[in-house]
Amino acid sequence: MRTLPHPLSVVLLALLLGTLFGCISPLTSAARRGDTETVRTLLDQGATADMNHAFILAACSGHGEVVQLFLERGAGVNEVDQSLVTKGYSALHCAAANGHAPVVSLLLQHGADRENKGPYGKTALELAKEEGHASVVKILEDAPAVPAASPPQRSRPAPSAAESPPPPIY
């Protein structure tokens with residue numbers, strides 16, 4: 001029985017093809033290469049349209065300095081990518097699947113949720129186990145679970161039925 005390549009293993013091929021055919025932004029290209037200074041310059045100039053995608057690709061490529069820069073600039077540590085190549089994966093999924101232990105640690109320190117599941121229903125831990133990245137598996141197993149977000153607290157009690165406005169009339 002022939003097995004298909006892991007979905008994240010096609011990232012490099014897709015990036016190469018995207019670069020060759022001009023489908024990748026300068027920010028994404030710099031992030032993928034680990035060019036921290038170019039990423040910083042582009043972000044300073046307002047190039048944030050594809051920041052989440054660039055952030056996730058930096059994590060996939062193991063560029064901790066670039067990942068740190070994106071986190072400092074407001075990248076969502078638990079956001080999932082919406083691009084064709086890594087759709088549904090978070091930075092933690094990508095870093096774990098590619099064996100980038102320092103980036104996995106960095107993401108966890110910034111609140112990455114190790115329980116999030118990717119598009120095939122697997123956590124970062126499961127991806128790391130599948131790919132045989134023992135150091136990443138250990139980091140993820142030792143990481144504390146991120147507490148579930150609590151509902152927002154009201155500053156005053158909820159209005160009673162008598163204070164509530166009438167329902168709309170259609």
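The values are calculated or read from the model by the stated rules, or taken from the named source; none is laboratory data. None of the values given here were measured: they were computed from a predicted structure. Backbone-built Cβ (ideal geometry, glycine too); neighbour counts: all protein chains shown. Ligands, DNA and RNA are excluded from the accessible area calculation, which covers all protein heavy atoms including side chains. Shrake-Rupley method; radii C 1.70, N 1.55, O 1.52, S 1.80 Å.
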- [ ] Please name all residue pairs, on different chains or six or more residues apart, with Cβ atoms under 6 Å, provided the first residue is in region 78-98 and is modelled with pLDDT of 90 or more and the second residue is among the acidic types (D, E).
- [x] N78/D113; Y89/D81; A97/E131
TODO: Collect the residues in region 117-170 that are modelled with pLDDT of 60 or more, small (G, A, S) and assigned to a loop (DSSP other than H, G, I, E, B), keeping them in residue-number order.
DONE: G118, G121, G132, A143, A145
Task: helices (runs of 4 or more DSSP H) lying entirely in region 25-88 (those with 1 or more residues that are open to solvent by 60 Å² or more (accessible area, probe 1.4 Å) and over 17 Å from A101 (Cα atoms)) - done: 26-33, 36-44, 64-72
Open item on the list: For Y120, only one of the following conditions fails: (1) surrounded by fewer than 20 Cβ atoms within 10 Å (Cβ to Cβ); (2) without any contact (Cβ under 8 Å) to a residue 40 or more places away in the chain; (3) on the phi < 0 side of the Ramachandran plot; (4) of a type outside the set (V, I, T). What is its number?
Closed with: (2)
